[in-house]
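Undergrad: Sharing a structure, written as structure tokens. Questions coming.
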Amino acid sequence: MLQVISYKLQSRHILYIAITLLGASFLAYFYNWVNMSAFIGFSLLSLILGLWKREYAFYLAFLELILGSFGYLLSFGLGGLNLPIRMLFFVIIMGLWMYDLITNYKLLITNFRNSRKIIIALGPFFLIWTIGVLQGYLRGYDPSNVFFDANSYLYLLLIFPAIKYIDTKEKLNGLLKVILTGVAVLAIETLSLFVIFVKSQNLGFLEIIYKWARDFRIGEITSLKNGAYRIFIQSHIYLLIGFFLLAIFRIYKKISARKYLLLGVLFCAAIYISLSRSLWIGFGAGLLVLSAALIYAKISYKKILQLFTEIVAIIFIGTAITTLFIPDGSLLASRLKLGESALNTRVEQLKPLLPAIKNSPVFGYGFGKTLTFKSFDPRVTYVTKDGSYTTY
């Protein structure tokens with residue numbers, strides 16, 4: 001019955017859900033009943049969407065991936081484990097996919113034929129993954145460390161529902177709409193946090209936002225000496241995906257110049273504010289790959305030159321906008337100073353890592369293996385004094 005309801009996905013609907021999810025997450029920091037209610041509500045929403053149109057549950061999961069970094073926007077305490085909403089979205093989608101396969105053997109055969117190359121490619125990876133899990137448990141590591149070390153890789157399995165449910169141009173366009181809208185919300189969130197921390201004098205309010213972002217594993221907010229802040233959210237990687245989608249849409253006239261400029265500037269400003277050298281390098285590498293792809297696709301050099309002229313302008317405008325909020329107008333100098341402690345921490349990580357790798361170079365130790373190193377991260381040194389940090 002649900003399948004016959006006609007409905008067209010709009011960007012504003014995605015926007016409403018994204019804002020509701022972030023708002024519920026923020027309120028959940030203060031009120032446990034909000035956390036529980038929102039967790040149950042979004043779980044039911046995912047299930048209802050999936051029963052109505054399978055691809056809509058997939059869209060919701062992808063939206064959360066873009067917004068939620070580690071997946072803990074909402075969570076549920078269960079037997080000492082903190083179950084993230086992301087994991088429940090995954091279970092619902094995979095459960096519906098498995099149900100479809102079991103109840104329709106013809107679909108099973110068709111799905112296997114369509115996915116056999118991917119199955120062959122991922123087969124060795126999941127064999128190694130299974131060995132890693134078994135090693136972790138057999139070696140007696142902390143079960144929670146084994147679980148959380150291994151579980152992220154399981155998201156690769158979503159490629160199979162994607163092949164099944166994102167199988168038309170209309171559904172693919174829906175997914176692209178979810179990505180661009182979600183990335184736009186992520187960029188606005190980044191800029192909002194940046195302006196709030198630079199301009200607000202209310203230390204109590206800033207502490208609340210900082211603890212929400214930290215405790216819910218949404219991102220990192222780091223104070224810089226020039227009065228600015230670094231706002232780094234792990235899911236910022238989707239800013240790059242969103243930007244290059246915009247560029248492709250622009251070259252094929254699938255987006256207006258006004259919308260392209262607005263979103264492009266927004267994305268670039270957020271990428272700059274992240275102060276992530278990895279993102280900056282990835283952005284540059286992406287431009288090289290985009291250039292090669294456009295030449296390979298035999299796009300005229302005039303169009304390519306026009307596109308890259310626009311990209312340069314967008315980068316300049318996006319970067320310039322951030323300087324309006326900073327006392328000395330520069331983030332780069334602060335990033336170099338901030339990068340020194342990060343570099344030192346990475347060097348310290350190698351000291352226990354290299355001997356451990358040498359002792360078991362082939363089979364490793366399995367998921368959940370922990371090592372201790374000296375960190376120069378101020379958040380670690382504040383707690384442990386000597387900077388010692390243990391992690392899997």
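Undergrad: Being of a type in the set (Val, Ile, Thr), modelled with pLDDT of 95 or more and over 21 Å from the mean Cα position of the chain (by Cα) is true for just one of ILE92, ILE109, ILE48, ILE102. Which residue is that?
TA: Going through ILE92, ILE109, ILE48, ILE102 in turn, the sole match is ILE48.
Undergrad: Residues that are at pLDDT 85 or above: which helices (runs of 4 or more DSSP H) entirely in the stretch 277-392 hold 2 or more of them?
TA: In the stretch 277-392, 277-296, 301-323, 332-359 are the helices (runs of 4 or more DSSP H) which contain 2 or more residues that are at pLDDT 85 or above.
Undergrad: What about LEU176, is it in a helix (DSSP H, G or I), among the hydrophobic types (A, V, I, L, M, F, W, C), open to solvent by less than 50 Å² (accessible area, probe 1.4 Å) and farther than 30 Å from ALA228 by Cα?
TA: yes
Undergrad: Let me ask you something else. Which members of the stretch 262-313 meet the condition of being β-branched (Val, Ile, Thr), farther than 12 Å from LEU240 by Cα and open to solvent by less than 50 Å² (accessible area, probe 1.4 Å)?
TA: VAL265, ILE273, ILE299, ILE304, ILE311
Undergrad: Name every residue in the stretch 182-224 that is open to solvent by less than 20 Å² (accessible area, probe 1.4 Å) and hydroxyl-bearing (Ser, Thr, Tyr), in order of residue number.
TA: THR190
Undergrad: Does at least one position in the stretch 14-23 carry a residue that is under 22 Å from the mean Cα position of the chain (by Cα), at pLDDT 90 or above, exposed (fewer than 13 other Cβ atoms within 10 Å of the Cβ) and part of a helix (DSSP H, G or I)?
TA: Within the stretch 14-23, one or more residues are under 22 Å from the mean Cα position of the chain (by Cα), at pLDDT 90 or above, exposed (fewer than 13 other Cβ atoms within 10 Å of the Cβ) and part of a helix (DSSP H, G or I).
Undergrad: When you scan the stretch 64-87, do you find a residue that is in contact with a Leu (Cβ under 9 Å, 6 or more places away or on another chain), open to solvent by 40 Å² or more (accessible area, probe 1.4 Å), at pLDDT below 90 and in a strand (DSSP E or B), even just one?
TA: yes
Undergrad: Condition first: among the charged types (D, E, K, R) and either in contact (Cβ under 8 Å) with a residue 24 or more places away in the chain or in a strand (DSSP E or B) (or both). Now tell me which residues in the stretch 179-213 satisfy that.
TA: GLU189, LYS199, LYS211
The values are calculated or read from the model by the stated rules, or taken from the named source; none is laboratory data. No experiment lies behind these values; they were computed from the predicted model shown. Neighbour counts are summed over all protein chains in view; Cβ atoms, including those assigned to glycine, are modelled from backbone coordinates with ideal geometry. When the accessible area is computed, the model is the full protein with side chains, heavy atoms only, and any ligands, DNA or RNA have been set aside. Shrake-Rupley method; radii C 1.70, N 1.55, O 1.52, S 1.80 Å.
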